[in-house]
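Taking it in order: structure first as structure tokens, then the write-up.
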Amino acid sequence: MAMKASSLREQTDEELRNLMDETRSELANVRMMQRVGDGSHSPLQMRTLRRDVARIKTVIEERAQQA
């Protein structure tokens, strides 16, 4: 599900904030399931989610610096 930064730049600020909230909650759920012992979530999924959050933050920061 890795997001591309170019597709994130096309979205509005509100859409980015919503996507950030969704991605963070999904990451929290994956972390919780891993701690409980459900092995169905791979470390690759956690890494992908963390990187997606970083990409979203980067796009938001870029827009803040331009303003």
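Miscellaneous remarks
- The range 4-67, dipole about Cα centre (Lys/Arg Cβ +1, Asp/Glu Cβ -1), debye to the nearest 20: 360 debye
- Percentage relative contact order, the range 1-55, counting C-alpha pairs under 8 Å, at least six apart: 52 percent
- Taking label points 7 Å from Cα along the Cα-to-Cβ direction, R51 and Q11 give a separation of 1.7 nm.
- Cβ-Cβ FRET estimate between S42 and R63, R0 fixed at 35 Å, reported to 0.05: 0.60
- Axis angle, to the nearest 10 degrees, between helix 13-36 and the longest C-alpha principal axis of the chain: 10 degrees.
- Between 0 and 90°, nearest 10: helix 43-66 axis offset from the chain longest Cα axis: 20 degrees
- Once divided by 2.2 N^0.38 Å, the Cα radius of gyration of the chain becomes 1.23.
Rule-based calculations on the coordinates, nothing more; no lab input. Since the model is a prediction, treat every value here as computed from it, not as a measurement. Backbone-built Cβ (ideal geometry, glycine too); neighbour counts: all protein chains shown.
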